[in-house]
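Okay, so here's the structure we're looking at.
Only the coordinates and a few stated rules stand behind these numbers; no lab work does. Because the structure is a prediction, the values reported are computed rather than measured. With ideal geometry, Cβ positions are generated from the backbone for all residues, glycine too; neighbour counts draw on all protein chains shown.
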Amino acid sequence: MKILAFGASNSTASINQQLAIFIAKQIPHEELCIVDLNDFEVSIFSPERKSKEGIPDKISQFIKHIEKVDLVVISFAEYNGSYTAAFKNIFDWATIEKNLLFEGKKLFLASTSPGPRGGLSVLEAATERFPRHGAQIVESFTLPSFHSNFDAENGIINKKFLHLLNQKLHVFHK
């Protein structure tokens, strides 16, 4: 299985990038591609900009990353109950170019935050939204209180949450 993993944040110290990578590494894979949203930063989407300048090359590259894999693992940062502006802009550009951005792709969606809800609102929004863009959401997972439950060297250190994640990843170990 070919896997693409990224945190839906442009923070250079993204806790969601860490979680996405950790999750992806728990899934048997032939190839793992990890991307950083900062590599796909473009001007804010507008219909006029698209008409005048076309789709930015960085967005086409982002779409190609998705097209080359079987599974996409995304962990969402939550800003004011929704996607980060960085992710939303890339998503807007990409779905204008290819509405069924995730057509034929399996997705494992996750979220985390320093707080007790773990980005649950944005995860619910993505879980509801992405099937409209062709996604087959295999499973979702939220990790609350990131700094208490995750260690950079060991990953998820809270046994309850690690067990829950492993239950959700069981589908990939058949």
Determine which aspartates and glutamates satisfy two conditions relative to Lys106: a Cα distance under 16 Å, and not lying fewer than 8 residues away in the same chain.
-> Glu30, Glu31, Glu67, Asp70, Glu128, Glu139
For the chain, build the convex hull from the C-alpha positions and give me its volume per residue in Å³.
-> 106
Rounded to 10°, Cα long-axis angle of helix 159-169 versus longest principal axis of the chain | 50
Filtered hits (lysines, Cα-Cα < 28 Å from Lys52, offset >= 8 within chain) -> Lys64, Lys88, Lys98
Rounded to the nearest 500, the 222 nm mean residue ellipticity computed for the chain from DSSP H runs (n ≥ 4, each -39500 (n - 2.57)) alone is -11000 deg cm²/dmol
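Among Ser113, Ser121, Ser82, what is the fewest-to-most ranking by other Cβ atoms within 10 Å?
Ser82, Ser121, Ser113
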Working from Cα positions, state the angle (0 to 90°, nearest 10) between the long axis of helix 85-97 and the longest principal axis of the chain.
-> 50
Counting other C-beta atoms within 10 Å, which of Glu67, Glu78 has the fewest, and how do the rest follow?
-> Glu67, Glu78
Could you give me the ³J(HN,Hα) list for region 25-36, computed from phi with Karplus coefficients 6.51, -1.76, 1.60 and θ = phi - 60°, whole Hz, x at Gly and Pro?
-> 6, 7, 9, x, 8, 8, 8, 10, 10, 10, 10, 10
Volume per residue of the C-alpha convex hull in region 51-135, rounded to whole Å³ = 93
Could you give the angle, 0 to 90 degrees to the nearest 10, between helix 57-67's Cα long axis and the longest principal axis of the Cα atoms of the chain?
-> 50
Quick one: which residues, 5 or more positions from Ile156 or on another chain, have an amide H under 5 Å from its amide H? H modelled 1.01 Å from N in the peptide plane, none for Pro or chain starts.
-> Asp151
